[in-house]
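Contents: one structure, followed by commentary.
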Amino acid sequence: MKLTRIVHIAIALIAFVAFGPAQQQKSDFEIKERFKTVYETLKNDIDSASTPEQMAQIPNRIKGLESEFAEHSALLGGAFYPKTFDGMIGELRDQYAMAQKKATTIQEQGVRIVDLEGQLALLNTEIEKLNAERTELLAKLRSVQNSLVGQREIVKRLNANLAAKDRLVNAMVDSIFLPFGKNMDDLSEVQKDALGKKLEKANILTRIAGVAQDNINFLSATKLEAKDYGVLVTQYEQFKNRWAGLRDKVTAAIAASNAMTAKAAKGKKGAVTIPEGENQSARVDAALAEWRTKLDGSFWASLMNEFSSRSVLVQPFNDAKSFSASIRSYVESAKTSGADPKTFVDEIWIRRIDKDWRQALESESMLGKVEYASLDKLVSHLHKEKFDWKIIFYIVNVIAVVAVGWWFLTRKPKTVQQPAAAAKPNA
Amino acid sequence: MKNKLTQHTRMVTLIVGLAFLLPACSSLSLQQVDYGWPVESVLNVKENNTVSEGRYAISFNVAPLAEKEFEDPNALKGKEIRLLRSNEGMYYITGPNFKYVYVMTPQASELKLRNKFEVSKTGLKKPALNQRDPYVELLDGSDLRLLMTSDELLEEQDLRAEGR
């Protein structure tokens, strides 16, 4: 027993000596926590370093961290298992290398960014011009003094104006996003902040919502013709798809910018106004939804008018589904009742729908190509089933004309030689 | 006579055989197990008097410990305790204001007190447990430093007093 105690004391003494007076009062937990704090701070600083001076300090700070904690590498390896001390330091170096690469890329793009800034200013001016023109055109359109031809001309110009504005806003968005690359996940918080600030400065979300709002106003103020809808539906779909691809990026960038603003404001006194990216995006969503409602309302009502104005009684419809059901029901009842579908087929389907409405109806946000083809086939069957005897009349006429023509061209002249012979004695 | 001898020999063989076989069947033991955690865990006591350690997946109720240390089962609610498992597998528990370090043996669904060391008359201020194989080290700021095994407490001054 005494021997065991002596052995224990000896081991304890070795342990005391081994850990030395300088290290004696250190808690392993504190070492771990301190390492974690310094490590996380360094990671964040690498991520947010934006100036060459800040970047230049990073390698020394990594080196300092490594040398300060190298003696505790085994302890830290255990504490942060499965990561190792060397692995964690390596991660910092990799992160720094990536940040440096990004910084270099941004510097290289500096000149291009200046160009793009100039382009942005130009686009801004162009958009303002288009806005003024749009206001003027809408006012003209609302006035009753214009002739029908004049109204059509205004609608055409207004439509072109809206399309041009949409293109310009789109170009503006591209100009802002271009220097930052396509993938938002690759951007640091500082870059996201810069992007968010640019988007806010250019009023991008307000402008996008403005494009939607202009289209809503246009639909409210205009009496459209069948052919107009093809272009309008395409414009709506393109806008919707672009916004779907843009929404999350813009919202994330503005949110990052808001977070940085809030962080910076924490230490300062006074209230800070924080722009609300999410709310602005929701405003675009709402405008887009209203645009769709207006477009649908106008579109299906005008299409319904094609039937009612020709006294063809079809079930009322107000969307793709009910339109499809209405046409199917009409065809079915025409087959069973034996009523003459001539007006429906010839005047409405062939001359109006297939000619002027087809482009809009075939778009995916309306009926879609497959469903349109299906309805077209159904109506064409109805057409064939009712045989038109006039065709026979036309064919017979054509055959008669051809026969007469052929007879006239192939008949032989009879009296050409006799007058020549009779003239000889007088010579 | 010969029959009796044979019967006797068989009996002896059976007893000797069983003596070798039975221990072999009864247990299998794996040696050189190291249960030690590299660093202590600092755990907050929840409202229901329990603590849980995520990495090593252990949780237990500390009400009996609070009762023993502070004579109040709820005394540790919202406070922190420090827990470290030694290489031999014992759990060392202490915390701020504790006068003792508790050495607990893990058993089926319980931690049983194996030993407790009085380490402070007035209560620890800023305790920390470190793994110092084969010991567990207790620090309390710069005031106190001692080494423990599950059975023994070795104070630095004791070692020095012995002229080491």
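The values are calculated or read from the model by the stated rules, or taken from the named source; none is laboratory data. What you see is a predicted model; the values in this text were computed from it and never measured. Ideal geometry is used to build each Cβ from the backbone, glycine not excepted, and the neighbour counts take in all protein chains shown.
Quick look at the values:
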| read-out | value |
| --- | --- |
| Options B:Leu147, B:Leu111; residue that is at pLDDT below 95 and closer than 26 Å to B:Gln32 by Cβ | B:Leu147 |
| Meets criteria (surrounded by fewer than 10 Cβ atoms within 10 Å (Cβ to Cβ), closer than 25 Å to B:Tyr135 by Cα and modelled with pLDDT of 95 or more) for B:Gln31 | no |
| Residue list for segment A:30-82, restricted to those being facing chain B (nearest Cβ under 9 Å) and in contact with a Leu (Cβ under 8 Å, 6 or more places away or on another chain) | A:Ile31, A:Lys32 |
| Test: A:Ala164 is within 14 Å of the chain's Cα centre (by Cα) and surrounded by fewer than 20 Cβ atoms within 10 Å (Cβ to Cβ) | no |
| Any chance B:Lys126 is touching a residue at least 24 places away in the same chain (Cβ under 8 Å), basic (Lys, Arg) and away from chain A (no Cβ under 11 Å) | no |
| Filter result for the condition that a residue is crowded, with 20+ Cβ neighbours inside 10 Å and of a type in the set (Asp, Glu), over B:Glu80, B:Glu69 | B:Glu69 |
| Condition check for B:Glu47: away from chain A (no Cβ under 14 Å) and either surrounded by 13 or more Cβ atoms within 10 Å (Cβ to Cβ) or in contact with a strand residue (DSSP E or B) (Cβ under 7 Å, 6 or more places away or on another chain) (or both) | no |
| Number of the condition not met by B:Gly141 [criteria: (1) surrounded by 15 or more Cβ atoms within 10 Å (Cβ to Cβ); (2) within 14 Å of another protein chain (Cβ to nearest Cβ); (3) farther than 25 Å from B:Asn48 by Cα] | (1) |
| Top-ranked residue in segment B:93-125 [being in contact with a strand residue (DSSP E or B) (Cβ under 8 Å, 6 or more places away or on another chain) and basic (Lys, Arg); ranked as surrounded by the fewest Cβ atoms within 10 Å (Cβ to Cβ)] | B:Lys112 |
| Residue, farthest from A:Ala49 (Cα to Cα), within segment A:156-184, restricted to residues that are in a helix (DSSP H, G or I) and modelled with pLDDT under 75 | A:Ser175 |
| Selected residue (criterion: farthest from B:Asn115 (Cα to Cα)) from residues of segment B:55-95 that are assigned to a loop (DSSP other than H, G, I, E, B) and within 13 Å of chain A (Cβ to nearest Cβ) | B:Arg55 |
| Scope segment A:325-334; condition within 11 Å of A:Leu378 (Cα to Cα) and either among the hydrophobic types (A, V, I, L, M, F, W, C) or in contact with a helix residue (DSSP H, G or I) (Cβ under 8 Å, 6 or more places away or on another chain) (or both); matching residues | A:Ile327, A:Arg328, A:Tyr330, A:Val331 |
| Residues of segment A:335-360 that turn out to be in a helix (DSSP H, G or I), surrounded by 19 or more Cβ atoms within 10 Å (Cβ to Cβ) and over 30 Å from the mean Cα position of the chain (by Cα), as a count | 4 |
| Matching entry among A:Ala212, A:Ala164 (being farther than 25 Å from A:Ala264 by Cβ and in contact with a Phe, Trp or Tyr (Cβ under 7 Å, 6 or more places away or on another chain)) | A:Ala212 |
| Test for A:Phe180: is it free of Cβ contacts under 8 Å to residues at least 40 places away in the same chain, among the aromatic types (Phe, Trp, Tyr) and either on the phi > 0 side of the Ramachandran plot or out of contact with any Cys (no Cβ under 9 Å at 6 or more places or on another chain) (or both) | yes |
